[in-house]
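Encoded as structure tokens, the structure appears first; notes follow it.
The values are calculated or read from the model by the stated rules, or taken from the named source; none is laboratory data. Worth saying up front: this structure is predicted, and the values here are computed from it rather than measured. Cβ atoms come from the backbone with ideal geometry, glycine included; neighbour counts cover every protein chain shown.
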Amino acid sequence: MRLHFYHWLLAVATVACPLAAAEQAEPEQPDRPNVLLIFTDDQGTLDTNAYGSTDLYTPHMDRLAKEGVRFTQAYSHTVCCPARALLMTGRHPQRSGVVNWTQGDLKAAKGINMALEEVTLAESLKKAGYATALFGKWHLGAHKDYGPTKQGFDVFFGLRGGFIDNNNHFFLHGNGNHDLYEGTREVFHRDEYFPDLMTDRAIEWIRQNKARPWFCYYAMNIPHYPEQADAKFDRRYADLEMPRQSYAKMISTTDDRIGRVLARLDELKIRDRTIVVFMSDNGASAETAAIRVDNHASGLPKGHNYGANGGGGNTGKWRGHKGTYLEGGLRVPAIISYPAKLPVGAVRDQAIIAADWYPTILELCGVEQPGVKLDGASVLPLIEDARRPTHHEELHWAWGAGWAVRVGDWKLIGARDQPKSLVNLSDESPEATNHLKAQPDVAQSLHARHKEWLSEVLPPVE
């Protein structure tokens, strides 16, 4: 009898072939696939060539699209922290206490940190025998009693907070603080380019663990500002106008480091048995930022510019950017590539969310789901059948005072308990017209759904 597609995937992922293993000259290979989870930072809705940006050089991201399944309607969140909670827990960030900016400085007084009770993707895979590592950005709470090594990661190297200068490794907002750690141990590598530091660590760790199943969360801190790109891309974009020029150089720098990791998989001959998931945490930034104090901890002078130069991302027909609930803030590139088991060069248009990767990866790896409610769902049925409807009839986001709910083509955006705008994705100019007054019944219905959702995901007040 023919197995159902994704049950067949589970079977081939968890059953080794003794004859093939006996014929191999190399040590016996792990039964389960490896997982490389690439999460870029502030990469806009259409900012790879595979998504239609013809002015960019992104050969490695494009390779993933050619070797995998590209989603055109993938949603993360409006800013960094809640996106990472969605990804790591498979649950809405409200469930884990990530409702506002998490603590960014390990040395500061305890602030908001993701609840230790949450079962991260790393914890689920580690329980199943996976080696686990995070290289790059955590941003779910910097306190020493929380963080990656407390929630499933054997190894962590990177920044615990929101962003850093790539060369001096200081967080630059406010008075600044140094943010580079091995686990909870502060380390210093001044004048060494952080994207190279984290990439070097990642590819060496992968080499060391090639004989066992591993999970590498490659959580990039770029193209997020400061826009400190690899100089080898200067000439390629010399004729591009600002701010697109500066941003494009950052995109290619990001792509280049992804390429180095993929090259290591090829070199070790483990690409075919490695699941690669690629996604961005939110849309491109349009922020401006400068140091506003004397004697900044980084040593940089007052007035030093480190922002995104007003924003160079490409959203096509979509409006908005990071920090908004318009499509340009929420809709991001997303690809899964596992050539040995999944289609290649495929495109799917159903809506998915960042939380979906958790159950998808567990299913492909033959690992049981944790005993908690997941808000994500496996995307494998959507890959099997392009006509299958999305498993998310409603889409919800909330962060700080802001929130949004989408049902069909309607999206209601609000703050606190007050709807602010009702927009439609099917309009000739999507989300350009506020229908709040013209469609009060639609607004009322969506607002009621938002309040019902919020009461379900927020923990009860003690």
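Report yes if R260 is within 19 Å of F135 (Cα to Cα) and more than 21 Å from the chain's Cα centre (by Cα), otherwise no.
Criteria not met by R260.
Take H169 and decide whether it is surrounded by 18 or more Cβ atoms within 10 Å (Cβ to Cβ) and out of contact with any helix residue (DSSP H, G or I) (no Cβ under 7 Å at 6 or more places or on another chain).
no
T324 fails exactly one of the following numbered conditions: (1) of a type outside the set (D, E); (2) at pLDDT below 95; (3) at negative phi. What is the number of that condition?
Every listed condition holds for T324 apart from (2).
So for region 205-215 (the condition being within 17 Å of D41 (Cα to Cα), surrounded by fewer than 22 Cβ atoms within 10 Å (Cβ to Cβ), in the same structural domain as T54 (by TED's automatic domain parsing) and in contact with a helix residue (DSSP H, G or I) (Cβ under 8 Å, 6 or more places away or on another chain)), does at least one residue qualify?
No, there is no match, as no residue in region 205-215 is within 17 Å of D41 (Cα to Cα), surrounded by fewer than 22 Cβ atoms within 10 Å (Cβ to Cβ), in the same structural domain as T54 (by TED's automatic domain parsing) and in contact with a helix residue (DSSP H, G or I) (Cβ under 8 Å, 6 or more places away or on another chain).
Give region 108-132 a look and list any residue that's of a type in the set (G, A, S), surrounded by fewer than 19 Cβ atoms within 10 Å (Cβ to Cβ) and within 16 Å of N209 (Cβ to Cβ), or say none.
Across region 108-132, the qualifying residues are A128, G129.
Pairs please, first residue from region 248-261 and closer than 14 Å to E227 by Cα and of a type in the set (S, T, N, Q), second anywhere and in a helix (DSSP H, G or I) and modelled with pLDDT of 95 or more, Cβ atoms under 8 Å, 6+ apart in sequence or on different chains.
S252/F233; T253/P195; T253/F233; T254/P195
Would you check if D281 is touching a helix residue (DSSP H, G or I) at 6+ places or on another chain (Cβ under 6 Å) and buried (at least 20 other Cβ atoms within 10 Å of the Cβ)?
yes
Within region 293-312, does at least one residue satisfy the condition of being of a type in the set (D, E), within 26 Å of F163 (Cβ to Cβ) and in contact (Cβ under 8 Å) with a residue 12 or more places away in the chain?
There is no residue in region 293-312 that is of a type in the set (D, E), within 26 Å of F163 (Cβ to Cβ) and in contact (Cβ under 8 Å) with a residue 12 or more places away in the chain.
So which of F135, F163 is crowded, with 23+ Cβ neighbours inside 10 Å, assigned to a loop (DSSP other than H, G, I, E, B), within 17 Å of the chain's Cα centre (by Cα) and aromatic (F, W, Y)?
Residue meeting the stated conditions: F163.
Before we move on, is G152 crowded, with 20+ Cβ neighbours inside 10 Å and assigned to a loop (DSSP other than H, G, I, E, B)?
yes
For region 270-293, which positions are within 26 Å of I203 (Cα to Cα) and either outside any loop (DSSP other than H, G, I, E, B) or modelled with pLDDT under 95 (or both)?
Within region 270-293, R271, D272, R273, T274, I275, V276, V277, F278, M279, S280 qualify.
Within the set of pairs 6 or more residues apart or between chains, which connect a residue that is within 13 Å of E327 (Cα to Cα) inside region 398-410 to a residue that is in a loop (DSSP other than H, G, I, E, B) with Cβ atoms less than 6 Å apart?
Taking only residues 6 or more apart or on different chains, the pairs are A404/Y325; D409/L425; D409/S426.
Taking the criterion of being basic (K, R) and without any contact (Cβ under 8 Å) to a residue 40 or more places away in the chain, would at least one residue in region 170-191 satisfy it?
Yes: one or more hits.
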